[in-house]
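Just below is one structure, and these are the notes that go with it.
What follows draws every value from the coordinates through simple rules; no lab data is involved. Model, not experiment: these values are computed from the prediction. Glycine also receives a Cβ, built like all others from the backbone with ideal geometry; neighbour counts cover every protein chain displayed.
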Amino acid sequence: MDTILAGLRAAAEPTRLRLLALLARGELTVSEMTHILGQSQPRVSRHLKLMGDAGLLDRFPEGAWAFFRLAAGGRGADLARAVLALLPADDPRLAEDRQRLAAVRAERTARADSYFRDNAANWDDIRSLNVDEAEVERALSAAVLADHPRLLVDMGTGTGRILELLGPHVERAIGVDRSREMLAVARANLERGGRHNINLDHCMVRQGDMTQLPLAAGEADAVTIHQVLHYADDPAAAVAEAARILRPGGMLAVVDFAPHQLESLRDQHAHRRLGFADSEVTDWFAAAGLVAGEIRHLTGKPLTVVLWCARKPADETPSIPSLSPTRQGAPA
């Protein structure tokens, strides 16, 4: 009863109800909310703190910024959604807030598009060297979704493409990346529903390092590391961190390049490693306490993309789902 009363007191103010309605539609920074509401930053921050303390909101620091959104779970989240259900959809003040929110999102999308245009050549140049992206995505989807995971974590999420791909099939998806510029692109992509305009409100992105994820041990059902390890200073540490957040029986899927000799990728695209041998990756799995599963090679020209699967042991270790056919270069 005390929890419910605290939540009701925290929400029982016009500005706080407006903030709840906004944050139910996605995550926002304090500066974005002050712009939408036309109120001072100290006042908005005070409202957010009261609601956060009551469990109605989640707060996610990102460098000098912090993003807020409606709480994802707990009694506070249930109470917030019950209160929001009582708000009239045709309230003129809420409608005006929604219009301003749309303008903020449009500006965010424009900034993300500009950044992506400036850097898209990096991705396009690399994609032209390997197997068709759709083939890789089919293989990854088949491996991960066979387990019907509830919570998916994508390490080094970049533009959020894996969240777009797998997000519609899970209850929650979290992408983590160190780059604020990339996270801005990912947020914009998720807000507009990805390539197929699908509701992805249950997907979110967070700033963090691959070796220190902002997630609890055993929290994730599935983890993906897609075309990221070749940038990592310590790929083994990233695999170990993925193992830490996996629940017993959870699955890790790693996608990266097989060994190659394209030194230009070091100079032009900041690759630290020129691909990985199967034995190297499976050794990392073993060192992290994971059981290696099937390996699929998808041959391109000249780069070959590899999908490595592993699982965290449980009392009765499930088998890694079959990805047959598994011969080298077989289509997914």
Fill in: Radius of gyration, Dmax [segment 121-311; alpha carbons; angstrom]
15.4, 41
Discussion item. Compute, for segment 2-87, the length of the dipole vector about the Cα centre, with Cβ point charges of +1 (Lys, Arg) and -1 (Asp, Glu) only. Units Debye, rounded to 20.
Written reply: 180 debye
Worksheet entry | Degrees, to the nearest 10: 180-191 long Cα axis against longest axis of the chain | 70 degrees
Item to complete: Could I have the simple spin-label model distance between Ser45 and Leu5, label points 7 Å from Cα toward Cβ, reported in nm to one decimal?
Response: 3.1 nm
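For the chain, what is the relative contact order in percent, using Cα pairs closer than 8 Å and at least 6 residues apart in sequence? Don't jump to the answer; show the numbers that get you there.
Values: 582 pairs, mean separation 44.7, N = 332.
Relative contact order here is 13 percent.
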Worksheet item: Exposure proxy check: Cys309, Cys203 ranked by fewest other beta carbons within 10 Å?
Response: Cys309, Cys203
Worksheet item: Of Gly250, Gln207, Ser141, whose Cα points farthest to the positive end of the dipole of the chain (charges on the beta-carbon: +1 Lys, Arg; -1 Asp, Glu; origin at the Cα centre)?
Response: Gln207
Worksheet, complete the sentence: Given backbone amide H placed at 1.01 Å from N, residues whose amide H is under 5 Å from that of Gly175, ignoring those fewer than 5 places away on the same chain, are Asp154, Met204, Val205, Arg206
Worksheet entry | segment 2-87: relative contact order in percent, alpha carbon pairs under 8 Å with at least 6 residues between | 35 percent
Worksheet entry | Dipole moment magnitude, nearest 20 debye, segment 162-274 about Cα centre, only Lys, Arg, Asp, Glu C-beta charged | 100 debye
Worksheet entry | C-alpha long axis of helix 2-11 to longest principal axis of the chain, angle in ° | 80 degrees
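Is there a quick way to get the dipole size of the chain? I mean about its Cα centre, with the Cβ of Lys and Arg at +1 and of Asp and Glu at -1; what is the value in debye to the nearest 20?
About 960 debye.
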Worksheet entry | Sequence of Val104, Val153, Val44 once ranked by neighbouring C-beta atoms within 10 Å, starting from the fewest | Val104, Val44, Val153
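Above 27 angstrom, tally the Cα pairs of the chain and express them as a % of all pairs, no decimals. Intermediate results must be reported in sequence, preceding the final value.
Numbers: 26569 of 54946 pairs.
Of all Cα-Cα pairs in the chain, 48 percent lie more than 27 Å apart.
Considering every pair of different Cα atoms, what Kirkwood radius, in Å, is found for segment 2-87?
Working: mean 1/r = 0.0793 Å⁻¹.
Kirkwood hydrodynamic radius for segment 2-87: 12.6 Å.
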Discussion item. I want to check the label-to-label distance for Ala134 and Arg59. Put each point 7 Å from Cα in the C-beta direction and report it in nm to one decimal.
Written reply: 4.6 nm
Worksheet item: How many angstrom separate the Cα center of segment 180-214 from the Cα center of segment 238-290?
Response: 22 Å
